[in-house]
Amino acid sequence: MLVAEENNRLCRVEGDAPMGKLMRRHWVPAALSEQLGERDGTPIRLRLMGEDLVAFRDTEGRLGVLGEFCTHRKASLAFGRNEECGLRCLYHGWKFDVEGNVVEMPSEPKESGFAEKVKHKAYPAREAGGFVWVYMGPAAEMPAFEPPSWAPTPEAKVSVVRIELPCNWAQVMEGQIDSAHSSSLHSSDMKPARVATAGATDSHWTRPSTDKNPRIQVQVTNYGMRYAAIRRPIMNARETDYVRITTFVAPFTALIPPNSSYSVENPVQPH
């Protein structure tokens with residue numbers, strides 16, 4: 001069991017918190033692509049690593065992730081006008097592009113050159129797999145963006161569900177990566193059956209085992225780790241094992257084993 005100090009270190013991600021520093025050095029999912037599907041559409045609010053942000057898609061389709069509050073007088077850019085390749089603050093009309101540059105400053109004379117001296121908080125953003133990804137770490141350490149290996153092809157039929165939960169990132173991860181709890185918590189949906197592999201019917205999932213005490217074997221990888229939950233099967237128990245392999249991709253993605261009908265990918269966001 002973790003002591004309070006260890007739990008604090010693991011769960012906190014804001015400011016200079018060690019776990020937040022680690023997460024900021026990864027490309028992390030920030031929003032669904034469909035939330036920003038419209039060019040010059042309404043910006044959306046985000047909260048990542050303890051920061052209040054806004055995201056928008058500009059006239060040319062580029063993605064911007066900016067600090068929510070205007071550099072000038074801290075008005076919320078969530079109410080800004082998304083127009084002509086920039087997000088314009090409603091208060092004094094300062095307009096920011098996706099890189100945080102002030103491209104228009106109506107309240108100041110152009111000859112002052114003040115716009116060139118101001119830089120608004122902005123984070124690089126990319127799009128892949130139905131998600132908008134953002135990098136919030138030091139610019140000098142930014143890794144090249146690579147679409148996740150589990151991202152579907154453009155031809156694939158996918159279903160993406162977004163749920164907001166009032167908990168920290170570790171609580172979500174602990175639940176979704178834990179194979180043992182499914183035998184109890186999800187027993188009404190995952191029912192033991194005399195089948196050769198995990199499957200699904202119209203009403204429930206079928207699991208070829210009644211074993212609630214899986215043996216765990218872990219393999220550390222360069223992307224995180226994966227582990228096998230080994231159970232005694234209902235059929236051919238003397239000759240075979242029922243094995244479910246769960247993958248953890250740093251900093252907070254879990255790939256849960258599929259059944260014969262579908263697969264599940266679960267990126268989560270820290271708040």
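The values are calculated or read from the model by the stated rules, or taken from the named source; none is laboratory data. Values in this document were obtained by computation on a predicted structure and should not be read as measured data. Cβ sites come from the backbone with ideal geometry, for glycine too, and all protein chains shown count toward neighbours. Keep in mind that these areas ignore ligands, DNA and RNA; they rest on the heavy atoms of the full protein, side chains included. Shrake-Rupley method; radii C 1.70, N 1.55, O 1.52, S 1.80 Å.
If Thr197 passes every condition in (1) β-branched (Val, Ile, Thr); (2) open to solvent by 30 Å² or more (accessible area, probe 1.4 Å); (3) assigned to a strand (DSSP E or B) but one, which one does it miss?
Condition not satisfied by Thr197: (3).
Taking the residues in segment 34-47 that are in contact with a strand residue (DSSP E or B) (Cβ under 6 Å, 6 or more places away or on another chain) and closer than 21 Å to Ala151 by Cβ as candidates, determine which candidate is surrounded by the fewest Cβ atoms within 10 Å (Cβ to Cβ).
Gln35
Taking the stated definitions as given, is Ser183 farther than 27 Å from Glu34 by Cβ and either aromatic (Phe, Trp, Tyr) or at pLDDT below 90 (or both)?
yes
Can Lys95 be described as more than 33 Å from the chain's Cα centre (by Cα) and within 27 Å of Met142 (Cβ to Cβ)?
On the way: more than 33 Å from the chain's Cα centre (by Cα): no; within 27 Å of Met142 (Cβ to Cβ): yes.
Answer is no for this residue.
Which of the following residues is surrounded by fewer than 13 Cβ atoms within 10 Å (Cβ to Cβ) and not acidic (Asp, Glu): Ser183, Ser179, Ser209, Ser203?
Sole residue among the options that is surrounded by fewer than 13 Cβ atoms within 10 Å (Cβ to Cβ) and not acidic (Asp, Glu): Ser203.
Quickly run through segment 94-115 and pick out the residues that are open to solvent by less than 30 Å² (accessible area, probe 1.4 Å) and in a loop (DSSP other than H, G, I, E, B).
Correct list: Trp94, Asp97, Val98, Gly100, Met105, Gly113.
I need every pair where a residue in segment 124-143 that is assigned to a strand (DSSP E or B) has its Cβ under 6 Å from the Cβ of a residue that is open to solvent by 20 Å² or more (accessible area, probe 1.4 Å) and basic (Lys, Arg), sequence separation at least 6 or different chains.
Close Cβ pairs (under 6 Å, with a partner that is open to solvent by 20 Å² or more (accessible area, probe 1.4 Å) and basic (Lys, Arg)) amount to Trp133/Arg126.
Rundown of residues vs (1) part of a loop (DSSP other than H, G, I, E, B); (2) open to solvent by 80 Å² or more (accessible area, probe 1.4 Å); (3) modelled with pLDDT under 95, yes/no style:
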site: Met1; (1), (2), (3): yes, yes, yes
site: Asn8; (1), (2), (3): no, no, yes
site: Val13; (1), (2), (3): yes, no, no
site: Ala31; (1), (2), (3): no, no, no
site: Phe56; (1), (2), (3): no, no, no
site: Gly64; (1), (2), (3): no, no, no
site: Ala78; (1), (2), (3): no, no, no
site: His92; (1), (2), (3): yes, no, no
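Looking only at segment 212-224, count how many residues are open to solvent by 50 Å² or more (accessible area, probe 1.4 Å) and under 13 Å from Thr247 (Cβ atoms).
Step one: of segment 212-224, the residues open to solvent by 50 Å² or more (accessible area, probe 1.4 Å) are 212-213, 215-220, 222-223.
With under 13 Å from Thr247 (Cβ atoms) added as a condition, the list becomes 218-220, 222-223.
Residues meeting the conditions: 5.
Can you tell me which residues in segment 226-254 are in a strand (DSSP E or B), open to solvent by 50 Å² or more (accessible area, probe 1.4 Å) and out of contact with any Ser or Thr (no Cβ under 8 Å at 6 or more places or on another chain)?
Val243, Ile245
Looking at (1) out of contact with any strand residue (DSSP E or B) (no Cβ under 8 Å at 6 or more places or on another chain); (2) assigned to a loop (DSSP other than H, G, I, E, B); (3) closer than 27 Å to Leu22 by Cα; (4) not acidic (Asp, Glu), which one does Ser188 not meet, given that it meets all the others?
(3)
Let me spell it out: the conditions are (1) of a type outside the set (Gly, Ala, Ser); (2) out of contact with any Lys or Arg (no Cβ under 6 Å at 6 or more places or on another chain); (3) surrounded by 10 or more Cβ atoms within 10 Å (Cβ to Cβ), and Glu155 meets all of them except one. Which number is the exception?
Going through (1) of a type outside the set (Gly, Ala, Ser); (2) out of contact with any Lys or Arg (no Cβ under 6 Å at 6 or more places or on another chain); (3) surrounded by 10 or more Cβ atoms within 10 Å (Cβ to Cβ) one by one, Glu155 breaks only (3).
When the residues of segment 66-76 are narrowed to those that are among the small types (Gly, Ala, Ser) and within 26 Å of the chain's Cα centre (by Cα), which ends up most open to solvent (accessible area, probe 1.4 Å)?
Selected residue: Ser76.
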